Structures are given as structure tokens and as C-alpha cells.
Amino acid sequence: MSDSKRLVVNLSETLNNEFNKALKEDSKKRSEFIREVIILYIEEKKRLKELEQMKKGYMEMSKINLEIAEIGFANDIKELKEYEAKLSECDWSDDNNSEKRRYILC
């Protein structure tokens, strides 16, 4: 790594002990471990930022989506009422004496 930079970090005794335990468990060198941790941290920050942007987008679109859904619902209700009105005007024959009977939907 010819372009690498040296980093000095001050750790408390407790954090240093935990750090050394983690190094032993992962069998890694300090610099390798720190590089991986920094990469993970940056990736997680990016992921959280993207999630926040998605949340913001969904919140902004929710009002528009609700309006579109309400328009569709109003059209469905209108069509249903028209359909029911047409059904209520239909004549059906009575099986007993072949007279016409009017069915009305309420």
C-alpha cells in the first residue's frame, strides 16, 4: 500500500482489552482489523442514508398515492351503483306462472 496513511488512535484500557480479544478471535492483524471495521462503518452509514432517503420518498408519495386510490375507489363505487341500477330494472320470469317479476336491489 504505497498510498497508505498512518493512523494513531487513543483507546481506553477497557476498549483496548476488548479490541485485543476481538483480534485474537478473528486472528487478524491490527491494521487489517481496523481497515475492515472502517469499511463496515462506512457501508452501514451509506445503507442507513439510503433507507432514510427511501423513507422520505415514500412519505412524500403517500399523499399522491392516497389521492389516486381515492379516485379509483370513487369510480368503483360509481360503477357499482350504475350496475345495481341496471340490475334493478331487469325483468325476470317467475317459474310458477311465467309472469314477469321485477327484482330491486337495496
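Listing for the model above:
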quantity	calculated
Partners for LYS28 among lysines (Cα-Cα distance below 28 Å; same-chain residues under 8 apart left out)	LYS5, LYS45, LYS46
Heavy-atom SASA rank of GLU60, GLU44 (probe 1.4 Å, accessible area, largest first)	GLU60, GLU44
Stokes-Einstein translational diffusion, region 6-57 - Kirkwood Rh over all Cα pairs, 1.002 mPa s, 20 °C, in µm²/s	165 µm²/s
Nearest-10 value in Å² for the accessible area of LYS46, using the 1.4 Å probe	130 Å²
Heavy atoms of GLU52 accessible to a 1.4 Å probe, total area in Å² rounded to 10	110 Å²
Convex hull per residue volume in Å³, alpha carbons only, for region 34-74	41 Å³
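The values are calculated or read from the model by the stated rules, or taken from the named source; none is laboratory data. This one's a predicted model, so the numbers in the text were calculated from it and none came from an experiment. Surface areas here come from the heavy atoms of the whole protein model, side chains and all, with no ligands, DNA or RNA. Shrake-Rupley method; radii C 1.70, N 1.55, O 1.52, S 1.80 Å.
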